[in-house]
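The structure appears below as structure tokens.
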Ligand SMILES: C[S@@+](CC[C@H](N)C(=O)[O-])C[C@H]1O[C@@H](n2cnc3c(N)ncnc32)[C@H](O)[C@@H]1O
């Protein structure tokens, strides 16, 4: 086996890592933030028995190991999320959009929602709690909330449905904690009635085709396109447009916009904006 020499990372190492991350996740990393490689890859380095980013780059170049490359791309994702994040989209869903959709689907009795880039699952579980809390008429309907994310570690956390006290303190009304979670030491576990509405799996939004073919009534695609190039956003939103029901709704993050206004009608209501397919 080749001897690996530990020396500080060079600009070419960072540039190699930036390209690798882009190829695997389409996340565009700014060179001014190269220092983040040191912190975000620290655990991966330890697990590989390495101490410096440069050693990791040498290993990547030597082995061309797809699993290690994938682990690097996943370690560089930003998984920040919280229950009922940004509040208003959930309010608009509850007060305006869902009543109309539920009425329109009263014969087929089914609803499909997608938390695309679901991170550790709080967004999908928030939607599930909202449905159970405010729409008792949906009992007996076929409800599917899909959650997908590139990063397998957060997908596993979403599947475990287990959250620490600190995560619970961010955005969850007390009555939801009591009603929809079981206490387990320092952690809280989402109750089965909510878990059963949600399904999580790993999927890359930028490696076509998109992971579904059946249309959705609501898609949450929030706080992920900020990491993508304009071209990637455009291609992704074309795919998302095809996957929305004709009367479906798309939510983006507060700082995100559809790239192609010809495809979307923006509706500003309830202090937030959602998008309808044209
Ligand atoms: C900041 S979190 C947003 C989570 C949630 N949507 C929210 O708004 O709270 C961004 C998520 O996008 C995921 N992500 C980044 N690139 C992705 C890609 N190409 N495909 C799927 N998910 C991706 C990351 O792993 C991360 O969990």
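The values are calculated or read from the model by the stated rules, or taken from the named source; none is laboratory data. Keep in mind that this is a model prediction, so the values were computed, not measured. Don't worry about glycine lacking a Cβ; one is built from the backbone with ideal geometry, like all the others, and counts go over all protein chains shown.
Do the conditions hold for residue 215, that is, is it over 16 Å from the mean Cα position of the chain (by Cα), at pLDDT 95 or above and surrounded by fewer than 21 Cβ atoms within 10 Å (Cβ to Cβ)?
Answer is yes for this residue.
Given the options 50, 29, name the one that is out of contact with any strand residue (DSSP E or B) (no Cβ under 8 Å at 6 or more places or on another chain), closer than 30 Å to residue 235 by Cα, not assigned by TED's automatic domain parsing to the domain that holds residue 144 and not in a helix (DSSP H, G or I).
Of the residues listed, the single one that is out of contact with any strand residue (DSSP E or B) (no Cβ under 8 Å at 6 or more places or on another chain), closer than 30 Å to residue 235 by Cα, not assigned by TED's automatic domain parsing to the domain that holds residue 144 and not in a helix (DSSP H, G or I) is 29.
Matching residues to (1) in contact with a strand residue (DSSP E or B) (Cβ under 8 Å, 6 or more places away or on another chain); (2) crowded, with 24+ Cβ neighbours inside 10 Å; (3) farther than 24 Å from residue 36 by Cβ; (4) in the same structural domain as residue 27 (by TED's automatic domain parsing):
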residue	(1), (2), (3), (4)
80	no, no, no, no
83	no, no, yes, no
108	no, no, yes, no
152	yes, no, no, no
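Before we move on, is residue 252 out of contact with any helix residue (DSSP H, G or I) (no Cβ under 9 Å at 6 or more places or on another chain), more than 9 Å from the ligand (Cβ to nearest atom) and assigned by TED's automatic domain parsing to the domain that holds residue 117?
No: the conditions fail for residue 252.
Of the residues 87, 121, which single one is in contact (Cβ under 8 Å) with a residue 24 or more places away in the chain, surrounded by fewer than 16 Cβ atoms within 10 Å (Cβ to Cβ) and within 15 Å of the ligand (Cβ to nearest atom)?
87
Taking the residues in the stretch 184-219 that are within 21 Å of residue 152 (Cα to Cα), in contact with a helix residue (DSSP H, G or I) (Cβ under 8 Å, 6 or more places away or on another chain) and in a loop (DSSP other than H, G, I, E, B) as candidates, determine which candidate is farthest from the ligand (Cβ to nearest atom).
Among them, the one singled out is 197.
Please verify whether the stretch 176-183 includes one or more residues that are part of a strand (DSSP E or B) and touching a helix residue (DSSP H, G or I) at 6+ places or on another chain (Cβ under 6 Å).
Looking for residues that are part of a strand (DSSP E or B) and touching a helix residue (DSSP H, G or I) at 6+ places or on another chain (Cβ under 6 Å), one finds none in the stretch 176-183, hence no.
Looking at 98, 45, which is the one that is more than 27 Å from residue 235 (Cα to Cα), in the same structural domain as residue 230 (by TED's automatic domain parsing) and assigned to a helix (DSSP H, G or I)?
98
Restricting attention to the stretch 224-242, does a residue exist that is out of contact with any helix residue (DSSP H, G or I) (no Cβ under 7 Å at 6 or more places or on another chain), over 21 Å from residue 78 (Cα atoms) and touching a residue at least 40 places away in the same chain (Cβ under 8 Å)?
yes
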